[in-house]
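Report on one structure; see the data block that follows.
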Amino acid sequence: MKTTLLFLAVMCCNLSIFSQNPTLNITQPTCSSPYGTAQVTSPLSGYSPIASNLYISEVTDAALGSLSYIEIFNGTGATVNLSNYKLKIFSNGSSTASCDLSLSGSVNNYSVFVVAVGSTTNLGGVIPNQTFASCIGFNTNDAVILATSSNVAIDLWGSTTGTVFTPLGQAGYTYRRHIDATVPSLTFIPTDWTALDPEDYTNVGSYSTSADYQYSIDNGPFQFSTVFTQLVAGNHVIKAQNLVTGVSTETSFDIIVAVPTNPVTDFVYQSPICQNNSVVIPNKATGFTVGGIFSCSTLPSLNPNNGAFITSQVPPGNHLITYIVSSNSATCLNGGSSIFNLIIQPVSNMPQGPTDQTLTIPNATISNLVISPTNVTWYMSLTDALNNTNHLFNTTPLVDGATYYAVNNFNGCPSNPYPVTVHFNLSTSAFNDFNFQIIPNPATATINIQTPKEVTIDKISISDLSGKTILFQTTFNNNQVNLAQLSAGIYLIEVYSGERKFQTKFIKE
């Protein structure tokens with residue numbers, strides 16, 4: 001009874017080491033499917049991969065007498081001629097073989113070749129394929145090497161150090177190689193073998209690298225299918241049972257509920273922005289969720305895919321732009337949206353005034369040009385005016401025949417440039433002596449023209465900034481002009497005295 005219990009304990013221990021915990025491929029739930037799936041990827045029923053060479057599959061040693069069996073397995077996929085192989089036995093850690101046994105015959109694919117070593121009569125009904133009675137065999141601390149006929153080592157069983165390693169440290173045992181061991185191998189790993197004591201000849205002469213498994217989940221019934229579906233959220237345990245050994249191993253895992261993510265939809269435009277800015281592109285938040293749609297009531301000014309907005313195609317004012325992302329159960333994405341109020345400012349009105357202005361005063365500057373409104377910005381070239389560069393000061397001297405460009409920037413949105421060409425008329429000899437003033441300026445009802453005492457005014461002409469004559473007068477009462485018929489605005493007055501003419505501007509309020 002004691003021996004039997006020890007045998008069971010040793011077998012159980014080795015089988016547990018031999019057993020492999022299941023490896024799994026887990027498919028977690030999605031928003032479109034609330035259930036998970038688990039598939040066992042190992043261990044699986046079937047055959048081991050093709051081996052690169054022959055290897056030792058089982059070794060026995062009799063407790064009494066001189067008898068050992070060495071079983072050699074051919075898993076190479078083809079019949080092997082054994083005349084190219086030998087077995088070498090090394091005793092007590094010696095580096096010199098005590099037995100050098102040349103093999104003969106052949107072994108078919110997926111078959112075994114049993115070699116008997118020793119003089120004792122065969123036991124357990126085993127019929128060896130080849131016998132070496134003159135070799136005394138091995139016991140508790142020896143090694144067996146399978147080699148080629150030219151002494152190239154291929155596979156190893158046992159200790160090469162002379163250390164006792166057998167069960168109970170005594171003769172009378174069986175070693176069966178696990179089908180998942182690395183084979184062939186010149187490293188003896190005890191856990192790659194099932195060690196039995198006493199010796200058991202049941203499987204000598206037969207060896208299979210196939211294994212059959214059945215599987216269960218959460219202690220439910222076993223099945224041969226490796227796939228488990230309809231798994232709810234929570235912890236689960238899959239068990240794999242080897243039908244050959246009866247040993248079961250298990251692996252636990254979690255099925256996790258799919259949690260939808262919220263889209264990132266925030267965006268902004270440069271706002272307020274001028275109507276003549278052409279195209280404005282939205283600045284999108286970090287992690288912005290693509291695939292949504294931009295929309296507003298002023299399509300087709302808005303590109304629905306990238307949000308580019310053509311400001312010149314819509315009237316000034318507030319424009320509500322919406323970005324919408326639809327929910328997607330396949331990607332586990334919630335729906336969402338954001339709205340932005342894009343303010344478009346109108347372009348400032350183009351300045352008004354004579355496009356050709358003749359000046360009769362010496363040393364004329366920008367401030368002498370007649371334009372409405374009066375607080376425009378002047379430029380020397382159209383390019384400067386369009387790019388808002390190199391603006392001119394009011395004290396800038398004018399050049400005869402030059403064209404200047406006025407830009408109105410009432411609300412931060414500059415107008416288109418307005419050209420004014422300048423001409424000088426300084427031919428009258430007494431011009432420099434002809435000085436006058438308009439009082440008051442700005443005026444409401446009347447203006448008084450102050451001149452030197454020797455100057456007599458013959459006529460005056462008042463025109464608006466478009467060049468249209470509004471008032472022409474040849475008679476005067478104390479050089480006074482009635483402005484009742486003029487609307488509020490800026491006007492150009494030309495004063496004539498004989499051959500002399502002087503012009504300036506004034507404001508009617």
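Report Rg/Rh for the range 44-91, rounded to two decimals, where Rg is the Cα radius of gyration and Rh the Kirkwood radius.
Details: Rg = 14.1 Å, Rh = 13.2 Å.
The Rg/Rh ratio comes out at 1.07.
Net charge around VAL126, counting only other residues with Cβ within less than 12 Å of its Cβ (Lys, Arg = +1; Asp, Glu = -1)?
On the way: positive: none; negative: GLU58, GLU71, GLU199, ASP200.
Around VAL126, the surrounding residues sum to -4.
What number comes out for the charge environment of TYR215, summing +1 per Lys or Arg and -1 per Asp or Glu over other residues with Cβ under 12 Å away? List each step's numbers first, then the result.
Values: positive: LYS239; negative: ASP212, ASP218, GLU250.
Computed value for this residue: -2.
What figure, in Å² to the nearest 10, do you get for the accessible area of LEU386 with a 1.4 Å probe and non-protein molecules left out?
Per-residue accessible area (LEU386): approximately 110 Å².
Going by accessible area, probe 1.4 Å, with all protein chains left in place, what is the ranking of SER95, SER68, SER33, largest first?
Numbers: SER95 110, SER68 0, SER33 45 Å².
Correct descending sequence by accessible area is SER95, SER33, SER68.
Below 8 Å between Cα atoms, with a sequence gap of 6+, how large is the relative contact order for the chain in percent? Provide the component values of the computation, followed by the final result.
Numbers: 1220 pairs, mean separation 53.3, N = 509.
RCO, the chain: 10 percent.
Roughly what angle does helix 2-18 make with the longest principal axis of the chain, taking Cα atoms, 0 to 90 degrees, to the nearest 10?
Helix 2-18 and the main axis of the chain meet at about 30 degrees.
Can you list the HN-Hα couplings for the range 484-500, worked out from phi with the Karplus curve (6.51, -1.76, 1.60; θ = phi - 60°), rounded to whole Hz and with x for Gly and Pro?
4, 7, 8, 7, 4, x, 9, 9, 10, 10, 10, 10, 10, 9, x, 8, 9
Mind checking the log10 I(q)/I(0) for the range 372-509 at q = 0.18, 0.19, 0.22 Å⁻¹? Debye, one equal scatterer per Cα, no solvent, two decimals.
-1.11, -1.17, -1.32
Between rounded, prolate and oblate, where does the range 204-265 land on the alpha carbon gyration tensor, with a ≥ b ≥ c its root eigenvalues, rounded for a/c under 1.5, else prolate if a/b exceeds b/c?
It comes out prolate by the Cα gyration axes.
Find the relative contact order for the range 151-236 and round it to a whole percent, using C-alpha pairs within less than 8 Å whose residues are 6+ positions apart.
Values: 74 pairs, mean separation 20.7, N = 86.
About 24 percent, as a whole number.
Amide H to amide H under 5 Å from SER106: which residues, 5+ apart in sequence or cross-chain, H placed 1.01 Å off N in plane?
Here the answer is LEU82, since their amide H atoms fall under 5 Å of that of SER106.
Could you work out the relative contact order of the range 231-328, using alpha carbon pairs under 8 angstrom and six or more residues apart, expressed as a whole percent?
Working: 141 pairs, mean separation 21.8, N = 98.
Contact order relative to length: 22 percent.
Rounded if a/c is under 1.5, else prolate if a/b beats b/c, else oblate: with a ≥ b ≥ c from the C-alpha gyration tensor eigenvalues square-rooted, which is the range 153-204? Walk me through the numbers on the way to the answer.
Working: a/c = 2.11, a/b = 1.20, b/c = 1.76.
It is oblate, given that a/c is not under 1.5 and a/b is not larger than b/c.
For the range 362-373, just list the computed ³J(HN,Hα) in residue order, Karplus coefficients 6.51, -1.76 and 1.60, θ = phi - 60°, integers in Hz, with x standing in for Gly and Pro.
x, 6, 5, 10, 3, 5, 8, 6, 9, 7, 10, x
Give the long-range amide H neighbours of ASP458: residues separated by 5 or more places, or on another chain, with amide H under 5 Å away, using H modelled in the peptide plane at 1.01 Å from N.
TYR496, SER497, GLY498
Residue by residue, what Karplus-based ³J(HN,Hα) values in Hz, rounded to whole numbers, does the range 391-398 have, using 6.51, -1.76 and 1.60 with θ = phi - 60° and x for Gly and Pro?
These are the phi-based 3J(HN,Hα) values: 5, 9, 8, 4, 8, 5, x, 7 Hz.
Classify the range 441-492 from the C-alpha gyration tensor, please: rounded if a/c falls under 1.5, else prolate or oblate depending on whether a/b exceeds b/c.
On the way: a/c = 2.01, a/b = 1.58, b/c = 1.27.
Prolate shape, in that a/c is at least 1.5 and a/b is the bigger ratio.
Kindly sort THR265, THR41 by accessible area of their heavy atoms, largest first, with the probe set to 1.4 Å.
Largest accessible area first, the list is THR41, THR265.
Over all directions, the average projected area of the alpha-carbon convex hull for the chain comes to how many nm²? Let's see the in-between values first.
Numbers: hull surface 185.6 nm².
The directionally averaged projection comes out at 46.4 nm².
With every atom except the alpha carbons ignored, what do you get for Rg and Dmax of the range 229-345, in angstroms?
25.1, 85
Determine the sum of side-chain charges near SER98: Lys and Arg each +1, Asp and Glu each -1, restricted to other residues whose C-beta is under 11 angstrom from that of SER98. The partial results should precede the final answer.
Working: positive: LYS88; negative: ASP100, ASP142.
Computed value for this residue: -1.
The values are calculated or read from the model by the stated rules, or taken from the named source; none is laboratory data. No experiment lies behind these values; they were computed from the predicted model shown. Positions of Cβ are backbone-derived with ideal geometry, glycine not excepted, and every protein chain shown enters the neighbour counts. Note: accessible area is taken over every heavy atom of the protein model, side chains too, but ligands, DNA and RNA are not part of it. Shrake-Rupley method; radii C 1.70, N 1.55, O 1.52, S 1.80 Å.
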